[in-house]
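Below: the structure, in structure tokens.
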Amino acid sequence: MNILGLSFDYHDAAAALVQDGDVVAASQEERFSRKKHDERIPLQAVSFCLQQGNITAGDLDAVVFYENTALKWDRIVWSYLQNPERAAGYLSLVTDAWFHQEKFDTEARIADLLGIDFDRILSLSHHESHAASAYYCSPFKEAAIVTMDGVGEYETTTVSTGSDNTITKLSAQNLPHSIGLLYSAITAFLGFEVNEGEYKVMGMAGFGDPSLKGAFRKLITTTENGLFEVAQDYFEFLCPIDLPFNDKLLEILGPPRTPGEHFDLAKSEDHHYANIAASLQDRIEEVILHIISHAMEAAGSRNVCLAGGVGLNSLANARVVKDLGCNLYVQPAAGDAGGALGAALAYYFSHGGAHDGKKPLVDLYLGRQFSDTEILSALNRHCLSFENYFDEESMIEDVAGKLAAGSVIGWMQGRAEWGPRALGNRSILADPTNADMQNNVNTKIKFREPFRPFAPSVLAEHADEYFNIEQAESLTSPENFMLAVVDVLPNAQNKIPAVTHVDGTARVHLVHREINPLYYRLIEAFQNRTGTPILLNTSMNLNGEAVVNAPYDALETFSWSNIDYMVIGHYIISKESLV
């Protein structure tokens, strides 16, 4: 059975191909288009998936879209009608845009673009897709399933159970009450871009203290049924023509931060903004704990599956495991991209796949791979010279030596990762023991805010020597996908300062030999030279760009940054060899 899942028309468009229950390919369109969060129909990602599966569109048994377009439009109209004076004239603009982009007939667009029969095109609801992406990729037979994001059609949070490959929804919270929209509103308040700057808020939270949590307890309250409500007087979730918050929020938080302004803790106002970030994060964690603890009780299980954009909050994920003692699986592409995979898997398991059983998703290298011929073609066009490593061992030893000597290395190998995290195949790597590396990589290579932390890629069997982490041997815990922030042990913080955040934490990436043997061997070689089984790892992209996909993308990033060497496949390029 060949099933293609699709997500598009909002942000993070993606395609995923499931063949007889196996996830054989999955990628966001932005990897091909180079437009970050590309929302357009993912034609290039679809083409890749079909090629990877060695099929044509005509071989597809079903194409499943990740949300219900008609119900989504119904919600948009309802939202604006809640405030007709504010929405005057704006709804007509949205309607015109939908007509222009042909959003009213998504299934027909898909059938036309793929050249297949209309009756093979189906759709699922947004949060059903999220729930399926978490449960069907998890290692659990039975579990509580929680999805949380900004908004799907109407739903913003759902609680379900998964049992014997069947998902049953128990409860849901609808718009305007939304954890994701609240977090995004404060992201905008703090001067960052919505759907892009939420990671920055998490990083900023480490510099503050939750002294304003009382204010946030007024903004979002928990309910006895295991859900929550957001105080609507402070926000404009239903009709956000300009900003998603109003002047009443300023009465309790003060003036918003100016976008693009340098963050300096020496300034009292910036320390205040850090306290806002810390208070938001702490309160959101409390609400998430409330939701998940009730979900666990309702499901009668300590296994939890999580998806939706809120699932990318790595601080909250770690606290869920720590405070609730649960077994947590987070869909690695927790945002809308993951809905494509969930839609495909939901169809598979509702059309006979349940008899075959679930297969946990542990290998996220599901994207495009480039042959030596393709790599050489790019190098010959853009490099004056380059060196070929004729065997992997010499490559690993040389690159490890350069890293130990203080070089920053671009590392592009094998298939690209599924999800927003670079897990050692499209990465920028550096020495975590060098205290200057955090600032250097942020400001001179990534060109982003200097307060943002980097992840440590650590050999799994050595993780507990540096981090407060349990079950490092697990292949499905959030730390495998860089989706949990854990404490760095006090005696290790000075040993790896470049990957230790100001609050003594790190967003860990566990590296297992059986999952990524080449990357494992590189870290092992670095350990042999330095005694440290860890590398600083960040995604190979500049600020505001999508993570690289192709050799040419990597060379572009190399040319515009201060990366010292670029390794693509078995080839290494130095700065002076670029055309």
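The values are calculated or read from the model by the stated rules, or taken from the named source; none is laboratory data. Nothing here was measured: the structure is a model prediction, and the numbers come from that model. Virtual Cβ from ideal backbone geometry, glycine too; neighbours counted across all protein chains shown.
Just give me the residues in the range 411-442 being closer than 22 Å to Gly197 by Cα and within 17 Å of the chain's Cα centre (by Cα), in sequence order. The answer is Glu417, Trp418, Gly419, Pro420, Arg421, Ala422, Leu423, Arg426, Ser427. Of the residues making up the range 277-315, those that are assigned to a loop (DSSP other than H, G, I, E, B) and under 18 Å from Tyr199 (Cβ atoms) are Gly308, Asn313.
Per-residue answers, yes or no, for (1) in the same structural domain as Ala307 (by TED's automatic domain parsing); (2) polar (S, T, N, Q); (3) farther than 22 Å from Ala16 by Cβ:
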position: Gln51; (1), (2), (3): no, yes, no
position: Tyr80; (1), (2), (3): no, no, yes
position: Arg86; (1), (2), (3): no, no, yes
position: Ser92; (1), (2), (3): no, yes, yes
position: Lys103; (1), (2), (3): no, no, no
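Exactly one residue among Glu128, Glu67 is part of a helix (DSSP H, G or I) and among the acidic types (Asp, Glu), and that residue is Glu128. Which of the residues belonging to the range 390-414 are assigned to a loop (DSSP other than H, G, I, E, B) and modelled with pLDDT of 95 or more? Result: Ala405, Gly406, Ser407, Val408, Gln413, Gly414.
Restricting Ile469, Ile445, Ile515 to those that are more than 30 Å from Asp391 (Cβ to Cβ) and either small (Gly, Ala, Ser) or surrounded by 16 or more Cβ atoms within 10 Å (Cβ to Cβ) (or both) reduces the list to Ile469.
Just one of Gly260, Gly226 is assigned to a loop (DSSP other than H, G, I, E, B) and touching a His at 6+ places or on another chain (Cβ under 7 Å); which is it? Give the derivation first.
Working: Gly260 fails: touching a His at 6+ places or on another chain (Cβ under 7 Å).
On inspection, the qualifying residue turns out to be Gly226.
In this structure, Asn275 does satisfy being touching an Asp or Glu at 6+ places or on another chain (Cβ under 8 Å), of a type in the set (S, T, N, Q), assigned by TED's automatic domain parsing to the domain that holds Val194 and closer than 27 Å to Phe467 by Cα.
Which of the following residues is surrounded by 19 or more Cβ atoms within 10 Å (Cβ to Cβ) and either touching a residue at least 40 places away in the same chain (Cβ under 8 Å) or under 30 Å from His294 (Cα atoms) (or both): Ala278, Ala215? Walk me through it before giving the result.
Numbers: Ala215 fails: surrounded by 19 or more Cβ atoms within 10 Å (Cβ to Cβ).
Result of the check over Ala278, Ala215: Ala278.
Among the residues of the range 155-176, are any under 24 Å from Ile252 (Cβ atoms), touching a residue at least 40 places away in the same chain (Cβ under 8 Å) and in a loop (DSSP other than H, G, I, E, B)? Checked the range 155-176: at least one residue is under 24 Å from Ile252 (Cβ atoms), touching a residue at least 40 places away in the same chain (Cβ under 8 Å) and in a loop (DSSP other than H, G, I, E, B). If you go through the range 345-358 one residue at a time, do you hit one that is in a loop (DSSP other than H, G, I, E, B), small (Gly, Ala, Ser) and in contact (Cβ under 8 Å) with a residue 40 or more places away in the chain? Yes. For Thr222, state whether it is modelled with pLDDT of 95 or more and surrounded by fewer than 20 Cβ atoms within 10 Å (Cβ to Cβ). Here the answer is yes, as Thr222 does meet what is asked. The condition of being in contact with a strand residue (DSSP E or B) (Cβ under 8 Å, 6 or more places away or on another chain), more than 19 Å from Ser178 (Cβ to Cβ), of a type in the set (A, V, I, L, M) and assigned to a helix (DSSP H, G or I) holds for only one of Ala340, Ala333, that being Ala340.
Using the structure shown, decide if Leu483 is crowded, with 24+ Cβ neighbours inside 10 Å and in a loop (DSSP other than H, G, I, E, B). First the steps, then the outcome.
Working: crowded, with 24+ Cβ neighbours inside 10 Å: yes; in a loop (DSSP other than H, G, I, E, B): yes.
Yes; evaluated as a whole, the condition is true for this residue.
For the range 527-579, which positions are under 21 Å from Gln438 (Cβ atoms), touching a residue at least 24 places away in the same chain (Cβ under 8 Å), touching a Leu at 6+ places or on another chain (Cβ under 9 Å) and of a type in the set (Phe, Trp, Tyr)? Scanning the range 527-579 gives a single hit, Phe558. Restricting Asp242, Asp247, Asp264 to those that are surrounded by fewer than 19 Cβ atoms within 10 Å (Cβ to Cβ), of a type outside the set (Phe, Trp, Tyr) and in contact with a helix residue (DSSP H, G or I) (Cβ under 8 Å, 6 or more places away or on another chain) reduces the list to Asp264.
Identify all residues within the range 316-330 that are part of a helix (DSSP H, G or I) and not small (Gly, Ala, Ser); write none if there are none. Answer for the range 316-330, where residues must be part of a helix (DSSP H, G or I) and not small (Gly, Ala, Ser): Asn317, Arg319, Val320, Val321, Lys322, Asp323, Leu324. The set of residues in the range 134-150 that are buried (at least 24 other Cβ atoms within 10 Å of the Cβ), in contact with a Pro (Cβ under 9 Å, 6 or more places away or on another chain) and either part of a helix (DSSP H, G or I) or not small (Gly, Ala, Ser) (or both) contains only Cys137. Evaluating Val502 against the criteria (1) at pLDDT below 95; (2) surrounded by 20 or more Cβ atoms within 10 Å (Cβ to Cβ); (3) aliphatic (A, V, I, L, M) leaves one unmet condition, (2).
Residues are listed down the side, and each one gets a yes or a no for (1) under 19 Å from Phe558 (Cα atoms); (2) in contact with a Lys or Arg (Cβ under 9 Å, 6 or more places away or on another chain):
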position	(1), (2)
Met412	yes, yes
Pro420	no, no
Ser427	yes, no
Ala430	yes, no
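Out of curiosity, is Leu249 within 28 Å of Glu85 (Cα to Cα) and modelled with pLDDT of 95 or more? Judged against the criteria, Leu249 is a match.
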